[in-house]
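Peer 1: Structure below; questions to follow.
Each value in this text was obtained by applying a stated rule to the coordinates, not by laboratory testing. None of the values given here were measured: they were computed from a predicted structure. Cβ placement follows ideal geometry from the backbone for every residue including glycine, while neighbour counts extend to all protein chains displayed.
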There are 2 protein chains.
Amino acid sequence: MKKEVKRFRELIKEKKLIDSSLGILQWDLETTTPRKGKELLSEMVGYLSMKSYDIVTSEEFLNLVKFLKANEKELDDIQRKEIDDMAEEIEKISKIPPHEYQEYSELTAKTQGVWEEAKAKNDFSMFKENLKKIFEFNIKFAEYQGKKDKKIYDIILDEYEKGMDTEKLDEFFSALRGEIVPLLKKIMEKNKNSKISCINRTVNIDEQKKFNRFLSEYLGFDFNRGVTAESEHPFTLNLDKNDVRLTTKYIENIPFSSIFSTIHETGHGIYEQQVGDDLQGTTLATGGSMGLHESQSRFYENMIGRSMSFWKGIYDKNIDVFPVLKEINIDKLYREINRVEPSFIRTEADELTYSLHIMIRYEIEKGIINGEIEIDDLPEVWNKKMEEYLGVVPETDRDGVLQDVHWACGLIGYFPSYALGNVYAAQLYNTMKKDMDVNSHLENGKLDRIKGWLRDRIHIYGKLRETAELIQEITGEELEPKYYIEYLKEKYSKIYDLD
Amino acid sequence: MKKEVKRFRELIKEKKLIDSSLGILQWDLETTTPRKGKELLSEMVGYLSMKSYDIVTSEEFLNLVKFLKANEKELDDIQRKEIDDMAEEIEKISKIPPHEYQEYSELTAKTQGVWEEAKAKNDFSMFKENLKKIFEFNIKFAEYQGKKDKKIYDIILDEYEKGMDTEKLDEFFSALRGEIVPLLKKIMEKNKNSKISCINRTVNIDEQKKFNRFLSEYLGFDFNRGVTAESEHPFTLNLDKNDVRLTTKYIENIPFSSIFSTIHETGHGIYEQQVGDDLQGTTLATGGSMGLHESQSRFYENMIGRSMSFWKGIYDKNIDVFPVLKEINIDKLYREINRVEPSFIRTEADELTYSLHIMIRYEIEKGIINGEIEIDDLPEVWNKKMEEYLGVVPETDRDGVLQDVHWACGLIGYFPSYALGNVYAAQLYNTMKKDMDVNSHLENGKLDRIKGWLRDRIHIYGKLRETAELIQEITGEELEPKYYIEYLKEKYSKIYDLD
């Protein structure tokens, strides 16, 4: 038994070294690699990915996991969870015929290029055949799992967020539709007569960089164990808690774009930096489910970063680091960073309309998988839903159904995690406010109190505990969307002075 | 035969993908990795290094090389050279008992840390026992080569620069000693009465960065196939001709430090970017010998970068990119970037005294290997030679014998390549001037003419041809130090108005 555990650890270590190298290559590709060097870097990624895959699909590794799973009573909690996760993962992969798995990998790799071109040319028809195949593969793979009592889309959703299903999501989105869509209409009515006042002005990139670094540090990101850089699409990479990396994108005349993007990624980064030391070196030493991870970034971005108290804390003591703030009255700033304005692009949406964008994607995914929506019809379906929920219709598919890369990568069932992140965030925020005076801490710059609260309840557990279990334990309830909807209604009714 | 060539290519390809990944990890370590992430990155480097080593020491690879070497008449020129080099390399390694090779690798890895601490504490005694062992290993490994007719130091020198030996180097350094030491004394006599006028002034890093980028591009570095970044010690990394990376170090109040460092690394970079397309994917697709590589960086740094014509070309048309130049008269600039000032640190030495620093290291290495110098005596020996050749004596060993990391890494016999670089550069420059009006091209910003000359004669050949053969073909002579000495005498006699 000891021998097997030791060997398992060795192979996991080897996999970690390869996967971390892969992480650095991806980081380099996004932040550094020169244009003509990308081909070689991509080849290197392909090669090392294969090496990592070879380890976990090797006869030796499969037998080890099988043996340890059969004897898991003798393992400690951490090892048992590792083995359970791994066995489940292997079980899933083993049900897919290898040649189909390979075919699908090649399809998604190729489709990203196809999507890019289709988006550039604003031509959905270039993309749709590949998209059909990707949905077909996802449906087929879900069927292979052999869970006859479950709906196909539920099997898919469960992969990204354990325990999530259409019943729960339908309930959430139906509440959202019922409450937020009318609220949005009221706000739009009010907005009609208000002049647009813009807080964005040209701020040179170096000044933006300094302020963004200040923000990450102020929120609690540790630069001894992390770095920041620029990339086209902001993301967070973690090798382990001692090497966590954030990127952002700077736009000279929209300084608040990089600011909220930085706060968002800092939320992901703090999560990773606070994973418990006892998990280091295990497969559990990283953040939990996708939805929970997103809850931390959204919590920092919205509940903290778009609150009055947070900016009061900065204005009072730290205004020197970002001189442009002196030109903006704090009330105006607060109102403008919370301006509601339906728009076409999900990633640029304000806090209120964001989840409506997710709802559209959710309904479409579900419709396709249930056979109620044809892929050929997607552009019209998309635009109709935009009209209905957001009251605006994109003029091009580039700003509509072609805007996101996710489906091209095979990420079907992934979008709902973004909405779940918001729901978890609001539910956690509701509990946090009972435990301490969050606003007072923010006004006094005591961000460590907030960071500490999250660490002790969520971050230290890494992947050791399931999200549903954690949420129940922390908040005393299951996933409960009402906190999110109440939070939005309260906040925006106040800002827009609605009754 | 075809089968074996194909398999050889596959293994070389695999090795290239691993080595390139290693390159990216090293790059990341020097430019990006957060402080506490360095341990993990170093482990990743160790792991992938082992994987690369495993390929070339595998039974299969050794047999392939043996077979192809035996049948090399059937190979084309490029493949034959690859196999020859590889067979030679394998032959060398195979003569060293594996456990000694491992022991030595561990020793040098450890000694770098020891050296760092010894340097920080200015304590040579901490370092000397490891240094003794490193020299002993180098001597032993040279003896294993079984070349009884050759001196030990000659065997070692030959590893870094094929065909190089103490006879040639003695001749060169003796000429240098005879001509440059007296010239330096005359200059110092003149300098006594001259006021120090300083061209360095505080220039913010962003402005320096812009100018450095301009310089690299102006010299001909292709940013579609390369990038630049900052690191503590400037270096050039090449994955292949499509991904070449340069670093520099910026010092706010010494802008000319990053400028000459950038020009130097750009010289290395242009070499790599111009390697022939027919060599891509082979082991020959990189610059030739260490000395030849250094000749290209020194040529750009000194013959080009420290010439009046180069700066005239910039002043006339491009002064806007670096406004600080407007404050400096070009004659003063020329004089100051060529100021001779004996100093303690090799890497900061001016063009004239640089090779004297190398001479000291050469004489010491030779003395230790021949049993004429004891390692215990190194600090005194060092200082005595500094006094004799440069007329200055460092006050601490940190600024003396402990300044360079090379010996701690096991790089015995490496220093002379730096001096050889200067000699090759001057010899090539002498020929280039016969082929075209270099100064006129510089004044007119036609840097592509210079780059093209170097490409056609040197760069496109990568590692395909031996340095000695190339130098003979291009200049019509063997390595001939007189051009370097004449170049220095002529240039500095003029600047310092000596007869």
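Peer 1: Mind checking which of B:Asn204, B:Pro416, B:Ile96 is farthest towards the positive end of chain B's charge dipole, using Cβ charges of +1 (Lys, Arg) and -1 (Asp, Glu) about the Cα centre?
Peer 2: B:Asn204
Peer 1: Quick one: divide the alpha-carbon radius of gyration of chain A by 2.2 N^0.38 Å and tell me what you get.
Peer 2: Computed over Cα atoms of chain A, the ratio equals 0.99.
Peer 1: I need the trypsin sites (Lys or Arg not before Pro) found in the stretch B:145-228, filtered to DSSP loop residues with at most 16 other beta carbons within 10 Å of theirs.
Peer 2: Hits after loop and neighbour filter: B:Lys147, B:Lys148, B:Lys150, B:Lys151, B:Lys162, B:Lys192, B:Lys195, B:Arg201.
Peer 1: If you add up the charges near B:Pro255, with Lys and Arg at +1 and Asp and Glu at -1, over every other residue whose beta carbon is less than 13 angstrom from its beta carbon, what do you get?
Peer 2: -1
Peer 1: Also: Other chains near A:214-225: what is the mean number of their Cβ atoms within 10 Å of each residue's Cβ?
Peer 2: Partner-chain Cβ atoms within 10 Å, mean over residues of A:214-225: 1.
Peer 1: Got a sec to turn the phi values of the stretch B:224-239 into Karplus ³J(HN,Hα) couplings, 6.51 cos²θ - 1.76 cosθ + 1.60 with θ = phi - 60°, whole Hz, x for Gly and Pro?
Peer 2: Values, residue by residue: 6, 10, x, 9, 10, 7, 9, 7, 5, 10, x, 7, 10, 10, 10, 8 Hz.
Peer 1: Label the stretch A:150-303 by shape, choosing from rounded, prolate and oblate, from the square roots a ≥ b ≥ c of the eigenvalues of the Cα gyration tensor; if a/c is under 1.5 it is rounded, and otherwise prolate applies when a/b is larger than b/c, oblate when it is not.
Peer 2: Taking the square roots of the gyration eigenvalues as a ≥ b ≥ c, the stretch A:150-303 is oblate.
Peer 1: Do you know the relative contact order of the stretch A:1-95, to the nearest whole percent, from alpha carbon pairs under 8 angstrom that are 6+ apart?
Peer 2: 30
Peer 1: Which of the peptides A:369-376, A:339-346 is most tightly packed, and how do the rest follow, going by the mean number of other Cβ atoms within 10 Å of each residue?
Peer 2: A:339-346, A:369-376
Peer 1: Sort A:284-292, B:421-429, A:25-33 by the packing proxy (mean of other Cβ within 10 Å over each peptide's residues), most packed first.
Peer 2: Per-residue mean Cβ counts within 10 Å order the peptides as B:421-429, A:284-292, A:25-33.
Peer 1: Let me have the relative contact order for chain B, percent, based on Cα pairs under 8 Å that are six or more residues apart.
Peer 2: Across chain B, relative contact order equals 18 percent.
Peer 1: For an R0 of 30 angstrom, estimate the FRET efficiency from the Cβ-Cβ distance between B:Val324 and A:Lys210 and round to the nearest 0.05.
Peer 2: Calculated value: 0.85.
Peer 1: Next up: Which distance in Å, rounded to a whole number, links the C-alpha centroids of the stretch B:290-336 and the stretch A:222-271?
Peer 2: 38
Peer 1: Let me know the Kirkwood hydrodynamic radius for the stretch B:1-95, please, with Cα pairs as the basis and the value in Å to one decimal.
Peer 2: Kirkwood hydrodynamic radius for the stretch B:1-95: 14.9 Å.
Peer 1: Taking the stretch A:382-421, which GluC sites (Glu not before Pro) meet the DSSP loop condition and have no more than 11 other C-beta atoms within 10 Å?
Peer 2: Qualifying residues, ordered by number: A:Glu395.
Peer 1: Report the Cα centroid-to-centroid distance between the stretch A:1-69 and the stretch B:75-135 in angstrom, as an integer.
Peer 2: If we compute the Cα centre of each part, the gap is 29 Å.
Peer 1: Place the label 7 angstrom along Cα→C-beta at A:Pro98 and in each other copy, then list the distances from the first to the rest in nm, shortest first.
Peer 2: 2.9
Peer 1: Looking only at other chains, what is the average number of their beta-carbon atoms within 10 angstrom of each beta-carbon in B:31-42?
Peer 2: Average per residue, whole number: 6.
Peer 1: Can you give the calculated 222 nm mean residue ellipticity of the protein assembly as shown, where each DSSP H run of n ≥ 4 adds -39,500 (n - 2.57) and the sum is split over every residue, rounded to the nearest 500 deg cm²/dmol?
Peer 2: -20500 deg cm²/dmol, from helical runs alone.
Peer 1: Turning to a different aspect of this structure: How shielded is B:44-52 by partner chains, expressed as the average number of their Cβ atoms within 10 Å of its Cβ atoms?
Peer 2: 3
Peer 1: By how many degrees, between 0 and 90 and to the nearest 10, does the Cα long axis of helix B:59-70 differ from the longest principal axis of chain B?
Peer 2: Helix B:59-70 sits roughly 80 degrees off the main axis of chain B.
Peer 1: Okay, next question. Do any trypsin sites (Lys or Arg not before Pro) in the stretch A:1-95 lie in a loop, going by DSSP, with at most 14 other beta-carbon atoms within 10 Å of their beta carbon, and if so which?
Peer 2: A:Lys95
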